[in-house]
Amino acid sequence: MEQTWRWFGPDDVIRLNHIRQTGATGIVTALHQIPYGVVWSVEEIEERKAMIAADPSLGLRWSVVESLPIHESIKIGEGDLTPLFDNYRQSLRNLAACGVTTVCYNFMPILDWTRTDLAAPVPGGGTSLRFNAHEHAAFDVFMLERPGAEDDHSPEVLARARAWFDKASEDDKKKLLANIMAGLPGAFDRYDIPGLRKMLARYKDMSHGALRETLARFLREVIPTAEEVGIRMCIHPDDPPRPLMGLPRIVSNEDDLDFIVNVIDSEANGITFCTGSLGAGAKNDVPAMIKRFAPKVTFAHLRNVKKDPDGSFQEAEHLGGDVDMVSVVTTLLEEQKRRKDTGNPNWRIPFRPDHGHELLDDVGKKTHPGYPAIGRLRGLAEIRGVMTAVASMRQLPV
């Protein structure tokens with residue numbers, strides 16, 4: 001599998017030469033400076049490509065776009081969407097013209113990933129991302145004061161949420177809001193409480209079924225263009241895979257993935273299989289899911305989580321959480337062999353070590369939450385070891 005690394009562009013404190021030291025050769029990046037809904041021009045794409053390839057000795061290439069974001073109006077289905085669909089299609093054409101042909105995206109309303117603690121302790125002094133169910137409930141019920149929010153949380157979680165809120169300082173509340181907003185790494189908007197309430201109001205009548213229909217419309221609008229120009233789109237699962245703040249989630253489980261891949265049967269309509277996002281769902285059998293959807297997996301995010309009974313979870317070591325990573329990697333390697341044997345030119349599946357613990361010299365550095373260098377380097381090394389061992393034992397192409 002192609003070993004890749006998420007890079008947030010020229011302002012990322014982790015430099016391209018550092019990435020090459022990890023063993024990765026594929027770069028996963030996006031033009032975060034461009035507002036949602038605006039066309040990515042050929043000139044801007046080529047500028048980023050040239051930046052990545054500037055030092056030929058590194059052997060790096062722009063392997064995957066993550067993400068080409070979808071404007072919120074498309075998700076809601078409001079107004080005249082023709083200009084937004086036109087712009088998205090033009091961005092796909094421009095990427096294809098520049099030879100960047102794998103595009104990861106998500107369809108999560110308002111927020112991308114959501115955590116309540118960006119520095120939960122791990123043994124030895126490192127930190128990791130964590131989602132505390134009671135802190136999310138405290139935010140939803142007592143800070144956001146969303147009507148009906150109490151019904152979405154268990155009595156036990158609500159009791160702990162009340163206790164947290166009653167003793168929380170204003171700084172504690174500001175930090176919780178900032179942590180929740182951190183899941184928008186490339187967005188221009190960061191909401192305060194009134195701003196978030198205003199955004200949530202736009203989704204007031206949005207059901208699970210209605211959001212599915214806006215996604216289906218998006219796929220029908222853009223997948224034919226993607227197929228025409230040789231782009232492979234791959235949707236990222238919800239993180240976490242459950243409704244949040246009254247917002248429906250539609251890329252959370254096996255049924256959701258089945259719906260998506262059947263809207264349009266095309267190689268251009270694929271999945272970014274994220275073991276951490278799907279692994280946070282108590283009912284998701286991740287190894288079984290990847291076996292079922294392996295032919296539709298275009299890109300993989302490999303990370304792990306440990307879940308608690310109340311719905312809380314914490315980012316775990318890449319090989320140490322609830323997900324059987326050896327089984328997942330084995331399935332991906334077997335799928336690669338199937339593609340190669342059928343003559344598919346896109347037989348290699350790019351993957352990246354997703355998220356990572358803050359460890360050693362990374363502790364306290366200003367990196368994007370979840371994206372320190374050393375924790376991801378550890379994860380990549382562990383997964384590379386699994387990949388190499390499985391491939392050797394089963395005589396599979398790496």
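Selection of first residues in the stretch 107-129 that are free of Cβ contacts under 8 Å to residues at least 12 places away in the same chain and of second residues that are of a type in the set (Ser, Thr, Tyr), restricted to Cβ pairs under 9 Å at least 6 apart or on distinct chains, gives the following pairs, ordered by first then second residue: PRO121/THR127; PRO121/SER128. Restricting LEU58, LEU68 to those that are free of Cβ contacts under 8 Å to residues at least 60 places away in the same chain, out of contact with any His (no Cβ under 7 Å at 6 or more places or on another chain) and more than 30 Å from MET245 (Cβ to Cβ) reduces the list to LEU58. Scanning the stretch 1-16 for residues that are without any contact (Cβ under 8 Å) to a residue 60 or more places away in the chain and either part of a strand (DSSP E or B) or under 18 Å from the mean Cα position of the chain (by Cα) (or both) returns TRP7, GLY9. What residue, among those in the stretch 24-50 that are in contact with a strand residue (DSSP E or B) (Cβ under 9 Å, 6 or more places away or on another chain) and open to solvent by 30 Å² or more (accessible area, probe 1.4 Å), is farthest from ILE74 (Cα to Cα)? For the stretch 24-50, the residue satisfying everything is THR25. Given the conditions (1) open to solvent by less than 30 Å² (accessible area, probe 1.4 Å); (2) modelled with pLDDT of 95 or more; (3) within 18 Å of ALA24 (Cβ to Cβ), which single one is not true for ARG378? Going through (1) open to solvent by less than 30 Å² (accessible area, probe 1.4 Å); (2) modelled with pLDDT of 95 or more; (3) within 18 Å of ALA24 (Cβ to Cβ) one by one, ARG378 breaks only (1). The numbered conditions (1) open to solvent by less than 30 Å² (accessible area, probe 1.4 Å); (2) more than 17 Å from ARG89 (Cβ to Cβ); (3) of a type outside the set (Gly, Ala, Ser) are all true for THR225 except (2).
Would the stretch 327-346 turn up any residue that is under 20 Å from the mean Cα position of the chain (by Cα) and surrounded by fewer than 18 Cβ atoms within 10 Å (Cβ to Cβ)? Scanning the stretch 327-346 turns up no residue that is under 20 Å from the mean Cα position of the chain (by Cα) and surrounded by fewer than 18 Cβ atoms within 10 Å (Cβ to Cβ).
Which of the residues spanning the stretch 51-76 are exposed (fewer than 15 other Cβ atoms within 10 Å of the Cβ) and either of a type in the set (A, V, I, L, M) or in a loop (DSSP other than H, G, I, E, B) (or both)?
Within the stretch 51-76, the first condition is being exposed (fewer than 15 other Cβ atoms within 10 Å of the Cβ), and the residues that meet it are 54-57, 59.
The answer is ALA54, ASP55, GLY59.
May I ask you to list the residues in the stretch 50-89 that are β-branched (Val, Ile, Thr) and within 19 Å of GLN3 (Cα to Cα)? If the condition is that a residue be β-branched (Val, Ile, Thr) and within 19 Å of GLN3 (Cα to Cα), then ILE52, VAL64, VAL65 are the ones that fit.
I'd like to check something: does the stretch 357-375 contain any residue that is at pLDDT 95 or above and under 26 Å from ALA268 (Cβ atoms)? Within the stretch 357-375, none of the residues are at pLDDT 95 or above and under 26 Å from ALA268 (Cβ atoms). Would you point out the residue of the stretch 360-398, among those that are among the hydroxyl-bearing types (Ser, Thr, Tyr) and assigned to a helix (DSSP H, G or I), that is nearest to SER128 (Cα to Cα)? Among them, the one singled out is THR388.
With respect to the stated conditions, LYS291 fails to be out of contact with any Gly (no Cβ under 6 Å at 6 or more places or on another chain), closer than 30 Å to GLU156 by Cβ and not small (Gly, Ala, Ser).
Matching residues to (1) buried (at least 21 other Cβ atoms within 10 Å of the Cβ); (2) of a type in the set (Val, Ile, Thr); (3) out of contact with any Lys or Arg (no Cβ under 9 Å at 6 or more places or on another chain):
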| position | (1), (2), (3) |
| --- | --- |
| TYR191 | no, no, no |
| ALA201 | no, no, yes |
| GLY209 | no, no, yes |
| ARG217 | no, no, yes |
| VAL229 | no, yes, no |
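Scanning the stretch 38-53 for residues that are of a type in the set (Val, Ile, Thr) and within 13 Å of ARG93 (Cα to Cα), we see that the one that is farthest from the chain's Cα centre (by Cα) is VAL42.
The values are calculated or read from the model by the stated rules, or taken from the named source; none is laboratory data. Predicted model, so just to flag it, every value in this text is computed and none were measured. Ideal geometry is used to build each Cβ from the backbone, glycine not excepted, and the neighbour counts take in all protein chains shown. Each accessible area value is taken on the protein alone, full model and side chains, heavy atoms only, with ligands, DNA and RNA left out. Shrake-Rupley method; radii C 1.70, N 1.55, O 1.52, S 1.80 Å.
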